[in-house]
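Accompanying notes for the structure given below.
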Amino acid sequence: LQEEEEGPLRKSSLCPNVATSEGTEPGQGGLAPAFPLPGEWRGKMEEEKVYSQNGVFAHLELLEARAYEAAVKQEETERQEEKLARLKARVQELRLQRDELRAKVDLQQKGQLGKEGAVSNPAQPSARAVLEWKIKSLKAMLQIFYLTGISGKLSKRGVCFCISTAYEGTYLDSFHLDLLTKPEVRIYRHSIPTFIPLQQIAKKYLQTDIRRFLSVLSDHLNAYVGRRYQADQLQEHFSGQIEGTLQRNSLCNLLVFNYNVSSESKTFPFNVRLLYGDPCCSLPTEVVISCTPDAPASLAETAAAHSDLFRRVALHKVFRSFSSAGE
Amino acid sequence: MDETVAEYIRRTVLKIPRDDIKTMLQKWGFLSEAQLETVNFHQIKDNISQDVVQLCEENSADIKQAAVLDIIYNNIYPNKRIWSVYQMNKTGEETEFFDLTDFKKKFKRRLRSALKNVTINFREYEDNAIWIRIAWGTPYTKPNQYKTSYVVYHSQTPYVFISASVLRSNLPLLCQALVVASNYHDIREMELRSHSLNSLKDIVFKRYSQNFQTYCPRPLPERNVAPETVDLRIIQENRNEKERIQRLNREVFGDGPQPKIEFAQYKLETMFKSDPKMDVLDKKEPFRCLIKFSSPHLLESLKSLAPAGMADAPLSPLLTCIPHKARNYFKIREKKGLLPGSFVSP
């Protein structure tokens, strides 16, 4: 369509300001098409040579309208053809089905006449059984997707993702993200806690690489849930070994508490400060253990050993090892 | 013990419903079990409070302990006050290591540097909520324990819940101290207010039930499994319509309980659209109008409007967007169609 417009566009004596495109020859009275047009159009072109000088744009409009009509007609015929092909295919399908069913009926009739009292073919499951099997396998598939941690479902205006978190075999919270896909990918609503830096992660990855976005978000959430689980386990099962309260925060990335260490039949309090520098990690990056000034020097070794332990092993497991070693 | 402290404790105990006094005093932990045993909690409240004050006298309570009792009371009965939500902003991207001691120190220092006569008390709760009680004085008078503001802050979140007292003039000071202590840059008030603190938390922390479409293998809500006594002579003519309404309602409101807010206010600054021949207003200026919806539980009542037949489903998005947009005060200005003015994404 573009080419057709540019072809006839040229300076006309009555319209000195009309822009010309390259490739046309100036000085000709009529409009010369840049390439051969179908027969009927050429005829019409001849007709209107006389009037073209009065309105180049009017002529262009005419051409455009004609081209549009032609395109519409073309589309219509294509659509008809498509429909026809579809219906033909459907007819084929149905014929096949009919043949199959006919064969089945024949078989059954023969079977009934031939061997009465024979066991019906066990390999022919009933329609209901097939349906139940299909439902079961579909549910299993969905369950698998859910267990992988990130599952999604297309919604009316986009996608809804569900990020399920787990820590060492225990399934914990699920979080949801409702995304819109038009005109651009953006978050419509979500159930992500406010202390997870969702906006930052979205700004970095949501538009460019959605897989990475989900993966990073999932890492953050899993790590948070893991840290929280450890702290909860500590408070629940080992509160006897902690002196006072466990100081924590919403992200569970800074834990401070005191516990007692016995040496030479005396107990000394250790103060532990666990800093989780990596938001995607559920183990601390920095461990600071301090003891009272009157503690014996031998405890420094214990402190170092414990510090190393906290850095490598999950918090509640550390205390489990303490209690088992102590008793 | 100071007379004012004694009076304050007495009045605080009087506020507590009689059946809860003992548990609250136990939570307080200032009086020993033995001491509590000596009080008869079945007598009239006046006498109970007198006995309690007596015991506090023995333990020489000071204003700090009395303030703690006050915080405990307000934590258990937060719905007696109106809470506003404030949102803080920051531009940095570093990970937050929220240190409680650091926070408390910075907050106290900032507040005290501007106003010496304040009583500040902190109390932390299991859900990472930090309650701050501030009793305000003036540069020349001691803090008035009956003019208190309460702040509830969850670490590492940008939201603060403030129940200011009568003295709104101290609010900028309070906001500044919060911003400094929590390492944010600025703070602004959201258009969200309610008596129910927990509901406000549910709204901004997105803990309310949003209806997400997922394949999560979660059991479907129990629908009336047992069919109502099927009398074949009764035909439900509007069954389809009823089901449509139920479906739409569920899509909008979700399945669970709604956050509890008591009112929604819409301030209209739109032009009055009338028949030009009627010419009600000769001046072409916006028709100012304030519409306020109030209810003991506004969102639940909105949820039941369509099923009760009092409104068409779906409801206007202006009503249903309240928890999603985290606001219940709206300004509607003249735009192409009725669109609410400046919106905030929570």
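The values are calculated or read from the model by the stated rules, or taken from the named source; none is laboratory data. Everything numeric in this text was worked out from a predicted model, so none of it was measured. FYI the Cβ positions are ideal-geometry reconstructions off the backbone, even for glycines, and counts take in every protein chain you see.
Take the residues in the stretch A:183-209 that are more than 11 Å from every other protein chain (Cβ to nearest Cβ) and assigned to a helix (DSSP H, G or I), then tell me which one is farthest from B:Val252 (Cα to Cα). By that ranking, first place goes to A:Tyr205. Of a type outside the set (D, E, K, R), out of contact with any helix residue (DSSP H, G or I) (no Cβ under 7 Å at 6 or more places or on another chain), surrounded by 11 or more Cβ atoms within 10 Å (Cβ to Cβ) and at pLDDT 85 or above, is that true of A:Leu206? It is false that A:Leu206 is of a type outside the set (D, E, K, R), out of contact with any helix residue (DSSP H, G or I) (no Cβ under 7 Å at 6 or more places or on another chain), surrounded by 11 or more Cβ atoms within 10 Å (Cβ to Cβ) and at pLDDT 85 or above.
Among the residues of the stretch B:55-70, are any crowded, with 20+ Cβ neighbours inside 10 Å, of a type outside the set (A, V, I, L, M, F, W, C) and either at positive phi or within 21 Å of the chain's Cα centre (by Cα) (or both)? Yes, the stretch B:55-70 contains a residue that is crowded, with 20+ Cβ neighbours inside 10 Å, of a type outside the set (A, V, I, L, M, F, W, C) and either at positive phi or within 21 Å of the chain's Cα centre (by Cα) (or both). The sole residue among A:Ala223, A:Ala231 that is closer than 19 Å to B:Asp99 by Cα and either more than 10 Å from every other protein chain (Cβ to nearest Cβ) or in contact with a Gly (Cβ under 8 Å, 6 or more places away or on another chain) (or both) is A:Ala231. Identify all residues within the stretch B:304-314 that are touching a Leu at 6+ places or on another chain (Cβ under 9 Å) and under 27 Å from B:His195 (Cα atoms); write none if there are none. B:Leu305, B:Ala306, B:Ala311 - these are the residues of the stretch B:304-314 that are touching a Leu at 6+ places or on another chain (Cβ under 9 Å) and under 27 Å from B:His195 (Cα atoms).
Scanning the stretch A:177-199 for residues that are surrounded by fewer than 20 Cβ atoms within 10 Å (Cβ to Cβ), farther than 26 Å from B:Tyr86 by Cβ, of a type outside the set (S, T, N, Q) and in contact (Cβ under 8 Å) with a residue 12 or more places away in the chain yields A:Leu180, A:Lys182, A:Glu184, A:Val185.
Just one residue in the set B:Pro217, B:Pro227 is touching a helix residue (DSSP H, G or I) at 6+ places or on another chain (Cβ under 7 Å), at pLDDT below 90 and surrounded by fewer than 17 Cβ atoms within 10 Å (Cβ to Cβ); that residue is B:Pro217. Of these, A:His316, A:His237, which one is exposed (fewer than 14 other Cβ atoms within 10 Å of the Cβ) and either modelled with pLDDT of 90 or more or under 23 Å from B:Glu126 (Cα atoms) (or both)? Only one candidate qualifies: A:His237. Under the condition of being within 28 Å of B:Leu200 (Cα to Cα) and among the charged types (D, E, K, R), which residue from the stretch A:158-179 is nearest to the other protein chains (Cβ to nearest Cβ)? Among them, the one singled out is A:Asp178.
Restricting attention to the stretch B:123-146, the residues that are buried (at least 17 other Cβ atoms within 10 Å of the Cβ), more than 16 Å from B:Val204 (Cα to Cα) and within 14 Å of another protein chain (Cβ to nearest Cβ) total 1.
Within the stretch A:223-231, can one find any residue that is on the phi < 0 side of the Ramachandran plot, touching a strand residue (DSSP E or B) at 6+ places or on another chain (Cβ under 9 Å) and free of Cβ contacts under 8 Å to residues at least 24 places away in the same chain? Looking for residues that are on the phi < 0 side of the Ramachandran plot, touching a strand residue (DSSP E or B) at 6+ places or on another chain (Cβ under 9 Å) and free of Cβ contacts under 8 Å to residues at least 24 places away in the same chain, one finds none in the stretch A:223-231, hence no.
Yes/no matrix, rows are residues, columns are (1) within 30 Å of A:Leu221 (Cβ to Cβ); (2) in contact with a strand residue (DSSP E or B) (Cβ under 9 Å, 6 or more places away or on another chain); (3) not in a loop (DSSP other than H, G, I, E, B):
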residue	(1), (2), (3)
A:Asp278	yes, no, no
A:Val287	yes, yes, yes
A:Leu299	no, yes, yes
A:Thr302	no, yes, yes
A:His306	yes, yes, yes
A:Phe310	yes, yes, yes
A:His316	yes, no, yes
A:Ser321	yes, no, yes
A:Ser324	no, no, yes
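Within the stretch B:132-141, none of the residues are of a type in the set (Phe, Trp, Tyr) and under 26 Å from A:Gln235 (Cβ atoms). Counting only residues that are out of contact with any Ser or Thr (no Cβ under 6 Å at 6 or more places or on another chain) and either basic (Lys, Arg) or in a strand (DSSP E or B) (or both), the stretch B:190-202 holds 5 of them. Checking each residue of the stretch B:197-206 against the condition of being within 13 Å of chain A (Cβ to nearest Cβ), surrounded by fewer than 21 Cβ atoms within 10 Å (Cβ to Cβ) and not charged (D, E, K, R) gives at least one match.
Restricting to the stretch B:93-145, give me the number of residues that are within 24 Å of B:Ile9 (Cβ to Cβ) and free of Cβ contacts under 8 Å to residues at least 12 places away in the same chain. Number of matching residues: 1. Among the residues of the stretch B:97-117, those identified as crowded, with 20+ Cβ neighbours inside 10 Å and away from chain A (no Cβ under 11 Å) are B:Phe107, B:Leu111. Could you go through the stretch B:46-65 and let me know if any residue there is within 14 Å of another protein chain (Cβ to nearest Cβ) and hydroxyl-bearing (Ser, Thr, Tyr). Among the residues of the stretch B:46-65, not one is within 14 Å of another protein chain (Cβ to nearest Cβ) and hydroxyl-bearing (Ser, Thr, Tyr), which makes the answer no. Could you go through the stretch B:84-96 and let me know if any residue there is within 30 Å of A:Lys203 (Cα to Cα), surrounded by 19 or more Cβ atoms within 10 Å (Cβ to Cβ), of a type in the set (A, V, I, L, M) and modelled with pLDDT of 90 or more. Yes: the stretch B:84-96 contains one or more residues that are within 30 Å of A:Lys203 (Cα to Cα), surrounded by 19 or more Cβ atoms within 10 Å (Cβ to Cβ), of a type in the set (A, V, I, L, M) and modelled with pLDDT of 90 or more. Looking across the stretch B:147-166 at every residue that is part of a loop (DSSP other than H, G, I, E, B) and either exposed (fewer than 14 other Cβ atoms within 10 Å of the Cβ) or in contact (Cβ under 8 Å) with a residue 60 or more places away in the chain (or both), the one that is farthest from the other protein chains (Cβ to nearest Cβ) is identified as B:Val166. Only residues that are within 9 Å of another protein chain (Cβ to nearest Cβ) and assigned to a helix (DSSP H, G or I) were counted across the stretch A:130-157, and they come to 5.
So that you can scan it fast, the table gives a plain yes or no per residue for (1) away from chain B (no Cβ under 12 Å); (2) over 19 Å from the mean Cα position of the chain (by Cα):
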{"residue": "A:Thr181", "(1), (2)": "yes, no"}
{"residue": "A:Arg211", "(1), (2)": "yes, no"}
{"residue": "A:Leu214", "(1), (2)": "yes, no"}
{"residue": "A:Asp219", "(1), (2)": "yes, no"}
{"residue": "A:Ile242", "(1), (2)": "yes, yes"}
{"residue": "A:Leu251", "(1), (2)": "no, yes"}
{"residue": "A:Asn258", "(1), (2)": "yes, yes"}
{"residue": "A:Lys266", "(1), (2)": "yes, yes"}
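The condition of being out of contact with any strand residue (DSSP E or B) (no Cβ under 8 Å at 6 or more places or on another chain) and modelled with pLDDT of 90 or more holds for only one of B:Tyr140, B:Tyr153, B:Tyr159, that being B:Tyr140.
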